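The values are calculated or read from the model by the stated rules, or taken from the named source; none is laboratory data. These numbers were taken from a predicted model, which means no experiment stands behind them. Cβ placement follows ideal geometry from the backbone for every residue including glycine, while neighbour counts extend to all protein chains displayed.
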Ligand SMILES: Cc1ncc(COP(=O)(O)O)c(C=O)c1O
């Protein structure tokens, strides 16, 4: 059957498949059903805090310890927050934006965005009026030479977004030398420069023995830039994506100042949720075995993506990332046709992340990148969705118009 006939078949098959967001699937959520049982009527944290009541913006000790474990930080550097690290990132940058406005009124702050990257980082910048500049990757992570030159030449560049492990969407893990250069980076700026270190996939390995990430805080402390690094992580893809626990890790000075900024907004985060997470993950061993159970569910899905895309790669139609963890596979089409492929897939009932979403302002300058999120659909749906996607890529490579 030729490619147009195959596509026609999909058009009439009434499919309704979704490869958009990196959501845990129901089997993954089931792994954390034991969270509720950890409370069993006992709401008192180990330091005597009644978690049902107001107070304690920094969080309870059990939760701060878990954040420390995830981010390789001392618990005293950790704020345990609510259910979303994105909220903490937004609050953190809202705070810094205020400071930048006070320091240099009327100057538009700029941020470096490693592309392709995480769309919601970019929408935070857009909402806060921070102008975004694209920078690329090489196989060691962000292109440090370009980044260092840009930061040296522009004091109004106020920071950089980093997803240092199993990056969204490319799966990059930053090389230790890249981490060291990022820890030094704030010294190249005459202004207040922040490294936003979003370690969302810190423990989300798909392989055993994934290389460990260098400790950016230890390196920053050596470099004297520790006040310039902001760590973030959450359990959104460890326990419940909608009811997990988020963390922020900062130097003592920054933590105090950020806490002061938050005081008018709240009296404290949800400490009952903090308690159930702290009890559920008592130590590194319980976290490790929990993540191995996630790995078992996710690995076949990621392998299926690789299998399904290998023919297209061999045919020179795409290049693809082969991540060792995280939630995404990044696909680059050889021909500038991401918009067309996504439209074709949509018409055939397969929803993909909108073209351009992995770039600031939704603008992929080459119209080539597609982000695939294989975690949520079951194997059968994923298989079908990938068949449709590959069909659309082949069709777009041979035609110019939509059906
Ligand atoms: C890099 C990255 N950071 C943060 C998040 C969302 O984190 P949270 O659910 O804690 O807000 C995601 C979700 O896809 C992500 O990929």
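Hey, residue 29 hits all of (1) assigned to a loop (DSSP other than H, G, I, E, B); (2) closer than 28 Å to residue 266 by Cβ; (3) not assigned by TED's automatic domain parsing to the domain that holds residue 82 but one; which does it fall short on?
(1)
Which residue, of 224, 244, is in the same structural domain as residue 53 (by TED's automatic domain parsing) and within 15 Å of the chain's Cα centre (by Cα)?
244
Would you say residue 65 is assigned to a helix (DSSP H, G or I) and farther than 30 Å from residue 194 by Cα?
No, not satisfied.
Which one is surrounded by the most Cβ atoms within 10 Å (Cβ to Cβ) among residues in segment 199-244 that are more than 30 Å from residue 299 (Cβ to Cβ) and touching a residue at least 60 places away in the same chain (Cβ under 8 Å)?
Ranking the candidates gives 230 first.
Listed here are the residues, each with its yes/no results for (1) buried (at least 18 other Cβ atoms within 10 Å of the Cβ); (2) farther than 30 Å from residue 369 by Cα.
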position	(1), (2)
69	yes, yes
74	no, yes
79	yes, yes
98	no, yes
102	no, yes
105	no, yes
136	no, no
151	yes, no
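Quick check on residue 140: is it on the phi < 0 side of the Ramachandran plot and either outside the structural domain of residue 157 (by TED's automatic domain parsing) or buried (at least 16 other Cβ atoms within 10 Å of the Cβ) (or both)?
yes
Could you tell me whether residue 170 is without any contact (Cβ under 8 Å) to a residue 12 or more places away in the chain and either within 16 Å of the ligand (Cβ to nearest atom) or in contact with a helix residue (DSSP H, G or I) (Cβ under 9 Å, 6 or more places away or on another chain) (or both)?
So residue 170 does not fit the description; no.
Looking at segment 362-379, is at least one residue more than 21 Å from the chain's Cα centre (by Cα), closer than 27 Å to residue 202 by Cβ and in contact (Cβ under 8 Å) with a residue 40 or more places away in the chain?
yes
Whether any residue in segment 40-48 is within 16 Å of the ligand (Cβ to nearest atom) and either touching a helix residue (DSSP H, G or I) at 6+ places or on another chain (Cβ under 9 Å) or assigned to a loop (DSSP other than H, G, I, E, B) (or both) is what I want to check.
The answer is no; no qualifying residue exists.
Say we look at segment 316-338 and pick out the residues that are free of Cβ contacts under 8 Å to residues at least 40 places away in the same chain and part of a loop (DSSP other than H, G, I, E, B); which of these is farthest from the chain's Cα centre (by Cα)?
316
Restricting attention to segment 269-289, which residues are modelled with pLDDT of 95 or more and out of contact with any helix residue (DSSP H, G or I) (no Cβ under 8 Å at 6 or more places or on another chain)?
Matches in segment 269-289: 269, 270, 272, 273, 285, 288, 289.
Could you check residue 17 against (1) farther than 30 Å from residue 341 by Cα; (2) more than 16 Å from the ligand (Cβ to nearest atom); (3) touching a strand residue (DSSP E or B) at 6+ places or on another chain (Cβ under 9 Å) and say which number it fails?
Just one mismatch for residue 17, condition (1).
Output the number of the condition that residue 126 fails; it satisfies all remaining conditions of (1) closer than 21 Å to residue 357 by Cα; (2) assigned to a loop (DSSP other than H, G, I, E, B); (3) away from the ligand (no atom under 15 Å from the Cβ).
(2)
Filter segment 220-237 down to the residues that are under 20 Å from residue 79 (Cβ atoms) and more than 10 Å from the ligand (Cβ to nearest atom) and list them by number.
220, 221, 225, 226, 227, 228, 229, 230, 231
Restricting attention to segment 238-290, and to residues there that are within 16 Å of the ligand (Cβ to nearest atom) and in contact with a strand residue (DSSP E or B) (Cβ under 8 Å, 6 or more places away or on another chain), which single residue is nearest to residue 31 (Cα to Cα)?
Within segment 238-290, the match that is nearest to residue 31 (Cα to Cα) is 244.
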